[in-house]
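Everything on this sheet refers to the single structure shown next.
Read-outs: derived from the displayed coordinates by stated rules, not from any lab. The model shown is predicted, which means the values in this text are computed figures rather than measured ones. Ideal geometry is used to build each Cβ from the backbone, glycine not excepted, and the neighbour counts take in all protein chains shown.
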Amino acid sequence: MADTHFDVIIVGGGPGGYVAAIRAAQLKLRTALVESDHLGGICLNWGCIPTKALLRTAEVYHNIQHAEDYGLSVRGVSFDLEAIVKRSRAVSDRLSGGVAMLLKKNKVTVIEGRARLDGPGRVDVFDEISGRQAFEARPKRAKSPKKLASLAAPNIILATGARARDLPGLEPDGKLIWTYREAMVPDMMPKSLLVVGSGAIGIEFASFYHSLGVEVTVVEMLPRILPVEDEDISKLAGKLMARRGIEFKLATKVAEARKSKDSVTCVLEGPEGERHEITTERVISAVGVIGNVEDIGLETTRVKTDRGRIVTDPWGATDEPGVHAIGDVAGPPMLAHKAEHEGVICVERIAGIEGLHPLDKGRIPGCTYCQPQVASIGLTEAQAREHGLEVRIGRFNFAGNGKAIALGEPDGMVKTVFDARTGRLLGAHMVGAEVTELIQGFSIAMTLETTEQDLMHAIFPHPTLSEMMHESVLDAYGRVIHA
């Protein structure tokens with residue numbers, strides 16, 4: 001490598017890392033990006049993108065099975081698991097190649113290998129020995145890694161992402177007990193499946209496998225699924241999924257797991273301490289993720305960690321001058337779009353751009369791509385009340401919307417939370433068809449600090465699902481039309 005001195009070195013080529021690298025290059029900073037596995041990171045290769053490809057297949061399959069509801073006749077419907085997985089992987093490969101092209105176009109130096117800090121301002125790059133690179137369940141190295149390069153820069157951005165958290169006694173083995181990686185590329189379709197954890201990852205996989213005919217049970221330690229969502233939305237989503245046939249065990253934990261040749265028997269402990277057993281062909285452990293803070297040389301710096309994340313200020317700076325952290329490794333919310341914006345803000349701060357503002361984490365939308373979809377932004381009703389705010393709440397059901405009925409999607413709800421004193425939109429929460437596309441409207445509204453008056457006077461086209469957003473606002477102020 002000819003050039004080993006840069007203005008910025010970015011460790012990790014996921015959404016936060018590669019976006020930060022492109023923005024740095026746009027600002028004329030000499031930029032290097034070190035990635036040990038695949039450009040695009042977990043999100044593009046093993047998370048957001050390939051799961052959406054799988055869920056799209058499941059949605060099409062579900063719609064074909066209900067073709068008669070639309071006046072259509074379809075016979076002999078089946079699926080090819082190998083082809084489903086192949087399509088999902090092809091989508092990821094295409095986008096990973098696109099990231100490589102964008103980095104090349106912006107003249108970012110991309111270095112393949114594993115990065116490790118060597119004190120302030122220095123990064124050593126090593127080869128990878130393990131077959132599974134990045135941070136996912138790496139086997140012990142058979143030999144010491146070979147140093148490929150020593151890099152130097154006054155600014156280093158750590159974007160090492162996160163990995164699946166293990167639950168003691170339910171450690172994934174890649175065969176019977178899966179993480180999201182194995183669940184994404186199954187070599188067989190199980191007849192029965194236990195999903196442990198009802199966050200976005202768990203619920204999306206529960207939705208995918210159930211749509212393809214698998215008997216799915218979801219175990220959640222808390223009293224409702226999707227516990228970070230507004231309670232009304234969470235309860236309605238659970239009700240609609242249960243109506244489709246997914247079974248939920250709430251306020252329940254896995255006390256023990258026993259593996260046999262082709263199945264796993266889990267002992268479930270309920271809210272009153274009662275126990276019962278459930279045997280399924282496969283188990284998916286979806287109990288959250290933890291930041292990749294190990295083996296990246298943090299001990300050679302003053303960087304601090306806290307419960308699996310790197311401690312930063314609102315600009316991404318750590319306690320070590322010149323070392324920054326963004327994305328999942330810097331803590332929740334662990335979302336790709338949050339990482340991207342953190343990366344841009346961090347780089348622009350380094351470049352001395354004036355007029356910047358730290359990322360407002362209260363305005364980051366979240367989406368879950370199950371059936372029905374769930375999306376939200378801002379404070380829930382409960383959170384707003386906990387802040388001591390007087391609130392006005394608006395609700396509108398999909399059953400009152402012409403487009404939803406025409407689509408054959410009459411189940412769902414839009415809920416809005418306003419500050420009763422100022423009219424400020426505090427939060428918006430949705431469950432139903434295509435809400436992951438609708439939520440951006442409320443995201444823009446919150447970014448522009450619109451009030452209830454602005455939203456009530458905005459014109460929403462008819463017939464669209466977006467009209468429900470308008471009606472929900474009207475409902476909060478006693479002016480709803482179609483309910």
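Across the chain, Cα pairs under 8 Å and at least six residues apart give a relative contact order of 14 percent.
Each of T279, T305, A317 was scored by the projection of its Cα onto the charge dipole of the stretch 245-328, and the greatest displacement toward the positive side belongs to T279; charges sit on the C-beta of Lys, Arg, Asp and Glu.
Taking every lysine pair in the stretch 177-285 that is 8 or more places apart or spans two chains, those with Cα atoms closer than 17 Å amount to 4.
Across the cross-link table entries K146/K304; K361/K403; K361/K415; K28/K105, which are compared at the Cα atoms, the separations over 23 Å belong to K146/K304; K361/K403.
Write down the percent of antiparallel bridges among all DSSP beta bridges whose residues are both part of the chain, to the nearest 5.
Details: 49 of 79 bridges.
Taking every DSSP beta bridge within the chain, about 60 percent pair in antiparallel fashion.
If we sort 254-266, 7-19, 349-361 on the protection proxy, mean other Cβ atoms within 10 Å, highest first, what's the order? Numbers along the way, then the final one.
Numbers: 254-266: 15.2, 7-19: 29.3, 349-361: 12.5.
The packing order, highest mean first, is 7-19, 254-266, 349-361.
Give the distance, in whole Å, between the Cα centre of the stretch 254-289 and the Cα centre of the stretch 1-26. About 43 Å separates the Cα centre of the stretch 254-289 from the one of the stretch 1-26. Among 84-97, 369-382, 196-209, the peptide with the highest mean count of other Cβ atoms within 10 Å heads the list, and the full ranking is 196-209, 369-382, 84-97.
Positive-end ranking of A152, I49, L102 along the dipole of the chain, with charges on Cβ about the Cα centre, is headed by A152.
Among 61-73, 327-339, 176-188, sorting by the average number of other beta carbon atoms lying within 10 angstrom of each residue, highest first, gives 327-339, 176-188, 61-73.
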